[in-house]
Amino acid sequence: MAVMVMFVLYASRDLNPAYEATAMTLAFSTCALMFLYSLIFRYYEQMKFSDKKLFYIFFMLIVFAALALVSARLLSGEDDWICQNGAWVKHGQPSFPAPTVPCE
């Protein structure tokens, strides 16, 4: 499902150039999750998880997810064009021109 959303966003990059960055981030995130799942399931049967090890693994996954969310928020740009009252209004200093699609 994430791959389908990625393709739709990438195809819509003409509407807003930020869609391309979002699509690439989604694609790399999907690959990273598949790699993480493969590591977990590959070594799951080889390791015996005690309660302490299981707690540390889940704690590290939660910390990783929190860091990913915080970094996505801090590193994402707020410079964009916003549709207000039928016109494209600058928000910040976008590095791309206003969309050519009518604003509704």
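The values are calculated or read from the model by the stated rules, or taken from the named source; none is laboratory data. Since this is a predicted model, take the numbers as computed values, not measurements. FYI the Cβ positions are ideal-geometry reconstructions off the backbone, even for glycines, and counts take in every protein chain you see.
Under 7 Å between Cβ atoms, at least 6 apart or on separate chains: pull out the pairs that start in region 3-17 with a residue that is on the phi < 0 side of the Ramachandran plot and surrounded by 12 or more Cβ atoms within 10 Å (Cβ to Cβ) and end on any residue that is at pLDDT 85 or above and among the basic types (K, R).
If the second residue must be at pLDDT 85 or above and among the basic types (K, R), no pairs are left.
Name, by its number, the condition in (1) modelled with pLDDT of 80 or more; (2) within 18 Å of A21 (Cβ to Cβ); (3) exposed (fewer than 11 other Cβ atoms within 10 Å of the Cβ) that does not hold for L75.
Failed condition: (1).
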